Amino acid sequence: MAVKEITPEVLVRNKFDADALAMVAASAQADGFSIDATSADHRMLLVFENTDVAVAYDITIKKGNGLQGVKDLTQEIAAGKKAAVVVESGAFKNVSGTNKGKIIAIPENLAVKMAAIVLP
């Protein structure tokens, strides 16, 4: 399997977007999600959903490899719940290497789905 590529939905101010939260699952747990952060170098909203109704699972957003990338961000998502976080690209975007221009998120289990939105 391979990394699940995510292209964020770009919101427009004062306009509804009915498909903004199209949740997708990772192809493989260990590979996780690769979120394209090349189109906008500002804040992005990441939404995660735990579709397992019995067990809580973690999601880890990997630190970027730029100057501001100092530590991973991990959060437990309760069973059957959603969680959202606004991330700054400076802390989580990779600026060089294989994942250049990407933010990487690794779920503890394939039950965790996600959507990405670029804020206006």
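The values are calculated or read from the model by the stated rules, or taken from the named source; none is laboratory data. If you're wondering where the values come from, they're calculated on a predicted model, not measured in any experiment. Because the Cβ atoms are built from the backbone with ideal geometry, glycine has one as well, and the counts that use them run over all protein chains shown. Note: accessible area is taken over every heavy atom of the protein model, side chains too, but ligands, DNA and RNA are not part of it. Shrake-Rupley method; radii C 1.70, N 1.55, O 1.52, S 1.80 Å.
Side notes on the structure shown:
- Subset of segment 67-120 (residues that are of a type in the set (Val, Ile, Thr) and either touching a residue at least 24 places away in the same chain (Cβ under 8 Å) or open to solvent by less than 60 Å² (accessible area, probe 1.4 Å) (or both)): 77, 85, 86, 87, 95, 103, 104, 106, 112, 117, 118
- Members of segment 1-26 that are touching a residue at least 12 places away in the same chain (Cβ under 8 Å) and either in a strand (DSSP E or B) or more than 14 Å from the chain's Cα centre (by Cα) (or both): 1, 2, 4, 5, 6, 9, 10, 11, 12, 13, 24, 25
- Selection count, segment 61-89, where residues are part of a strand (DSSP E or B) and out of contact with any helix residue (DSSP H, G or I) (no Cβ under 6 Å at 6 or more places or on another chain): 11
- Scanning segment 1-11 for residues that are more than 18 Å from residue 86 (Cβ to Cβ), open to solvent by 80 Å² or more (accessible area, probe 1.4 Å) and hydrophobic (A, V, I, L, M, F, W, C) gives a single hit, 1.
- Condition check for residue 58: of a type in the set (D, E, K, R) and not in a loop (DSSP other than H, G, I, E, B): yes
- Counted residues, segment 12-49 - those being open to solvent by 50 Å² or more (accessible area, probe 1.4 Å) and not charged (D, E, K, R): 11
One line per residue, one yes/no per condition, for (1) touching a helix residue (DSSP H, G or I) at 6+ places or on another chain (Cβ under 7 Å); (2) modelled with pLDDT of 95 or more:
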position: 6; (1), (2): no, no
position: 9; (1), (2): no, no
position: 24; (1), (2): no, no
position: 27; (1), (2): no, no
position: 38; (1), (2): no, no
position: 42; (1), (2): yes, no
position: 54; (1), (2): no, yes
